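All remarks here apply to the structure that follows.
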Amino acid sequence: MIQQFIFYLFSAMAIATAAMVIISKSPVRAALFLVVTFIASAGLWILLQAEFLGLVLILVYVGAVMTLFLFVVMMLDMDGIELRSGFVQYLPFALIVLSVMLAFIILAVWHTSFGLGHANPSKETAAYNNIALLGSVLYTQYAYPFVLAGALLLLAIIAAISLTFRGTRNAKKQRVEWQVSVRAQDRLYKTSMKNEKRL
Amino acid sequence: MLLQLPRITPLFPEIFVLFMIAVVLLAGLFAKPRIAGRLTYLLTQTTLMGACILTFRFYDTETITTFNGMFIHDPLSQVSTLFVYVTTVFTLAYARQYIEERSIQQPEYYILTLFSVLGMMALISAGNFLSLYVSLELFSLPLYAMVALRRDLAAGSEAAMKYFITGAVASGMLLYGISMLFGTTNSLDLNVVASTTITLNPTMVIIYRFALVFIIAGVIFKLGAVPFHMWVPDVYQGAPTSVTLFISGAPKIAALALLFRLLTTALPSLHLQWTPILIAISITSMALGNLVAIVQTDLKRMLAYSSIAHMGYTLLGILTAGAVGYSAGLFYMISYSIMAVGAFGLLTLMSRAGVEVDKVGDLRGLNARNPWLALMMLFLMFSMAGLPPTVGFFAKLGVLQALIDAHLVWLAVLALIFAIIGAYYYIRVVKVMYFEEPDSQQLQPMQISGDMRFIISINGLGVLVLGLFPSALIDLCRSVF
């Protein structure tokens, strides 16, 4: 009973926020709604006893991908109205694509996966815990590729830094871009001073 | 669950290199900027030589698999890694002066090289699709970064973008093929895949074929053969010469070992399927590489097209699907990487601060300016053309012999015709060096330092000596298969 309640709560949250991603006017708000969608789907995963997938969804998508995405959206300074300009023009095509995809999805999975009977999956045995299972092979059977992946991450850091790092900040050197973009009022400014009294 | 410690003696070279990467990283960070470049250079060369000694010291003729089949320690992996070290040692020796004179950060350059070498070592010894894929990324990622490492060169950034994007697509294709194999065989282990595919369940053959096409596409990209060759000329030309030098040598050996692992370890039972694909690839590579190289005036671009042609010749050995052909292919690849490192190394050490030597015309009258360098270039060019008594002749001979043994005489004839066409542009370089007058601004003799002269002499004379006494290297390649 409580499980069904949680399921409907998370499902409704996922659907509502997914709709808000499309509807909301500002890109930043859309990205934030997408974060909530991911959290709701992570809740659904955990409800299905796939706790590793749920946690990874939060860690990777919410923690890393969406944060990065938000940074990009904030930096780009996108105009929401301009993005929506071709709405009527593209609407017929979008409707065609939507109806075709919907038809395929209904044909493929409606009778196997939809309906209330599928909301509550069959229980696994008590000893089943996929984080523990993953952990027990990660450092034993897959120790070698795990170490290689660690080396790969270190390499990614070094490669990224060596491509972008341009000397320490406090080094005294000529900065051409500053010199070019300088304005007259940065160099020269007028202040009003009191006239000295003539003696 | 009882934890059994895996056997780690076969991994000593890898562990040593990974440890030394950390040492070089710290040395580059904490050493005074004035000596950091030279210190990291020496440490890197020590690392490579140490790994060479370790591999040699623990040389096993039998096959050992460890870490649950993730790591294969066999003669193929040991011979290939040995030549990866050797070509990298030469590469760095040539590159040192070049990168010192340009705005390339030296510690980063050496660390990226070491990471790439570590990736190649792991790739060559991979016994599982998982370790194979991770090490493939470990070996290619530093290459992308190194191509873009020279900041003041827009062509380098452009080449890096092209290399990175096409490389990512190729990795994706390889991964897609692997996922199909995993889906049908339920295993990532190369040996298990081999024993599962051997039954050739008729309903599965179509999936195996799809997987095969995607896997070959991914590896052919790394080798740089037609139809996945488009990046080769642009990257070779756009990258700093010292990086082109690295890309043209050791990674080719690693990519060949990858092809051996995938085709001969994991999918030997599908050789009837992969032979025709490889025949088509090698014919088109030889044709396109040799014909397009004729019209190139940029020397790096010409050598890039020549490398495409050479990849075609290497594949000739492998498509025979027999031990003789495999060893001929390996011999071809090893001798090609020695020649390529020599040729690009010569360009690297002739380029000095502010002056890049990368046009065929830049070599005009080299004989008058530095006869010894011209002689070394002559050996290297003759070897690439496949003229006796250089090692290139025996490489081509071995491959053609394997073809004739496999009753593919028509293919051998075709390969010979393209080799004769290809000889034109190698000999043109020799003609430019010996029979043309240098330009007025190139009149002064070309000075190179003593250690550089020593290295290029070893490389150039090595091509000649290996051609005069090829039996040791041929026997080494035969003992692998």
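The values are calculated or read from the model by the stated rules, or taken from the named source; none is laboratory data. On a predicted model such as this, the values are computed, not experimentally measured, just so you know. Glycine gets a Cβ as well: all are built from the backbone with ideal geometry, and neighbour counts include every protein chain shown. Surface areas here come from the heavy atoms of the whole protein model, side chains and all, with no ligands, DNA or RNA. Shrake-Rupley method; radii C 1.70, N 1.55, O 1.52, S 1.80 Å.
By a 1.4 Å probe calculation restricted to protein chains, B:Thr264 has an accessible surface near 30 Å², given to the nearest 10. Percent of C-alpha pairs per 10 Å bin in segment B:1-143, short distances first: 12, 41, 31, 13, 3, 0. Taking label points 7 Å from Cα along the Cα-to-Cβ direction, B:Val413 and B:Gln4 give a separation of 5.6 nm. Accessible surface for B:His271 stands near 70 Å², nearest 10, in the context of the full protein assembly shown (1.4 Å probe).
Peptide A:133-145 has a mean shielding of 5, counted as Cβ atoms of other protein chains within 10 Å of each residue's Cβ. Protection proxy ranking, highest mean first, for peptides B:169-181, B:331-343, B:33-45: B:331-343, B:169-181, B:33-45, where packing is the per-residue count of other beta-carbon atoms within 10 Å, averaged.
Positive end of the dipole of segment B:9-480 (Cβ unit charges, origin at the Cα centre): among B:Leu363, B:Tyr336, B:Ala385, the Cα lying farthest that way belongs to B:Leu363. Magnitude of the charge dipole for segment B:9-480, about its Cα centre and with charges confined to Cβ atoms of Lys, Arg (+1) and Asp, Glu (-1), is about 440 debye. The heavy atoms of B:Asp152 present about 100 square angstrom of accessible area, all protein chains included, probe 1.4 Å. What FRET efficiency, computed as 1/(1 + (r/R0)^6) with R0 = 41 Å and r the Cβ-Cβ distance, is obtained for B:Asn201 and A:Leu153, rounded to the nearest 0.05? After rounding, the FRET efficiency stands at 0.55.
Each Lys and Arg Cβ is given +1 and each Asp and Glu Cβ -1; about its Cα centre, segment B:416-481 then shows a dipole of about 220 debye.
For segment B:368-414, the solvent-accessible area with a 1.4 angstrom probe is 39 square angstrom per residue.
Only helices enter this figure: runs of n ≥ 4 DSSP H residues, each worth -39500 (n - 2.57), summed and divided by the residues of chain B, yield -25000 deg cm²/dmol at 222 nm to the nearest 500. Start at zero, step by 20 Å, and the Cα-Cα distances of chain B spread as 25, 59, 15, 1 percent across the bins. Ellipsoid fit via the Cα gyration tensor, the protein assembly as shown: semi-axes of 47, 39, 26 Å, each the root of five times an eigenvalue, largest first. Placing dummy labels 7 Å off each Cα toward the beta-carbon, the span from B:Ser449 to B:Leu42 is 1.3 nm. Across chain B, the mean sequence separation of Cα contacts (distance under 8 Å, 6 or more residues apart), normalised by length, yields a relative contact order of 14 percent.
In this Cβ point-charge picture (+1 for Lys and Arg, -1 for Asp and Glu), the protein assembly as shown has a dipole of about 2060 debye about its Cα centre. If R0 equals 45 Å, the separation of the Cβ atoms of A:Thr112 and B:Ala22 corresponds to a calculated FRET efficiency of about 0.30. Couplings for segment B:148-162, taken from phi via the Karplus curve 6.51 cos²θ - 1.76 cosθ + 1.60 with θ = phi - 60°, read 8, 5, 8, 5, 7, 10, 5, 4, x, 5, 5, 4, 5, 4, 4 Hz in order; Gly and Pro are left as x.
Using equal-weight Cα scatterers in the Debye expression, the normalised intensity of segment B:141-181 in log10 at q = 0.16, 0.18, 0.33 Å⁻¹ is -0.46, -0.53, -1.01. How much accessible area is lost when chains A and B come together, counting both sides, with a 1.4 Å probe, in Å² rounded to the nearest 100? Answer for the A-B pair: about 2100 Å² buried.
If R0 is taken as 51 Å, the Cβ-Cβ distance between A:Phe87 and B:Ser269 corresponds to a FRET efficiency of 0.35. Over segment B:58-202, the reciprocal of the mean inverse Cα-Cα separation, the Kirkwood hydrodynamic radius, stands at 17.3 Å. The shape of segment B:184-224 comes out oblate: with a ≥ b ≥ c from the C-alpha gyration tensor, a/c is at least 1.5 while a/b does not beat b/c. How high is the relative contact order of segment B:289-442? Use alpha-carbon pairs under 8 Å, at least six apart in sequence, and give a whole percent. So the answer I get is 30 percent.
Within 10 Å of the Cβ of each residue in A:153-160, the mean number of Cβ atoms contributed by other protein chains is 6. Using a cutoff of 8 angstrom between alpha carbon atoms and counting only pairs six or more residues apart, the relative contact order for segment B:151-262 works out to 36 percent.
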